[in-house]
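Some notes on the structure that comes next.
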Amino acid sequence: MAEPGAEISFKKDTVSKLLSAFFKEDKTKLSGDAALLMAEMLKIFVQEAAARSQKQAGSEDCDQVDIEHFEKILPQLLLDF
């Protein structure tokens, strides 16, 4: 686990490989800026998911966030993004 307050981010290479795996044509290229932008979007998405899951757990008077809390917030999160 990371330290509280530590900056967490996705590696550009990891995002590039992940996106490239889903390209339908082999000729499709991904620029470095696009990979950085997608990494930033993933970071924001994960932070928002964690915050919403924590809020859901709090509303149910739970001390710990479980997968069930994430599953409850996921449909609205996907609609918002």
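The values are calculated or read from the model by the stated rules, or taken from the named source; none is laboratory data. Just so we're clear, the structure is a prediction, and the values are computed from it rather than from any experiment. Methodologically, a virtual Cβ is constructed for each residue, glycine included, from the backbone with ideal geometry; neighbour enumeration extends over all protein chains shown. What goes into the accessible areas is simple: the full protein's heavy atoms, side chains included, and nothing from ligands, DNA or RNA. Shrake-Rupley method; radii C 1.70, N 1.55, O 1.52, S 1.80 Å.
Those residues that are acidic (Asp, Glu) and open to solvent by 100 Å² or more (accessible area, probe 1.4 Å), I need them from the stretch 55-81; list them, please.
Of the stretch 55-81, the ones acidic (Asp, Glu) are 60-61, 63, 66, 68, 71, 80.
Result: ASP61, ASP63, GLU71.
Looking only at the stretch 29-54, count every residue that is exposed (fewer than 13 other Cβ atoms within 10 Å of the Cβ), more than 15 Å from the chain's Cα centre (by Cα) and either of a type in the set (A, V, I, L, M) or in a helix (DSSP H, G or I) (or both) and tell me the total.
2
What pairs come up if the first residue lies in the stretch 53-81 and is under 26 Å from MET41 (Cβ atoms), the second is surrounded by fewer than 16 Cβ atoms within 10 Å (Cβ to Cβ) and of a type in the set (Phe, Trp, Tyr), and their beta carbons are under 9 Å apart, counting only those six or more places apart or on different chains?
LEU77/PHE45; PHE81/PHE45
Does the stretch 16-28 hold any residues that are in a loop (DSSP other than H, G, I, E, B) and either exposed (fewer than 10 other Cβ atoms within 10 Å of the Cβ) or of a type outside the set (Phe, Trp, Tyr) (or both), and which are they? If you could, list the steps in order and put the result at the bottom.
Keep residues of the stretch 16-28 that are in a loop (DSSP other than H, G, I, E, B), which gives 22-28.
Answer for the stretch 16-28, where residues must be in a loop (DSSP other than H, G, I, E, B) and either exposed (fewer than 10 other Cβ atoms within 10 Å of the Cβ) or of a type outside the set (Phe, Trp, Tyr) (or both): PHE22, LYS24, GLU25, ASP26, LYS27, THR28.
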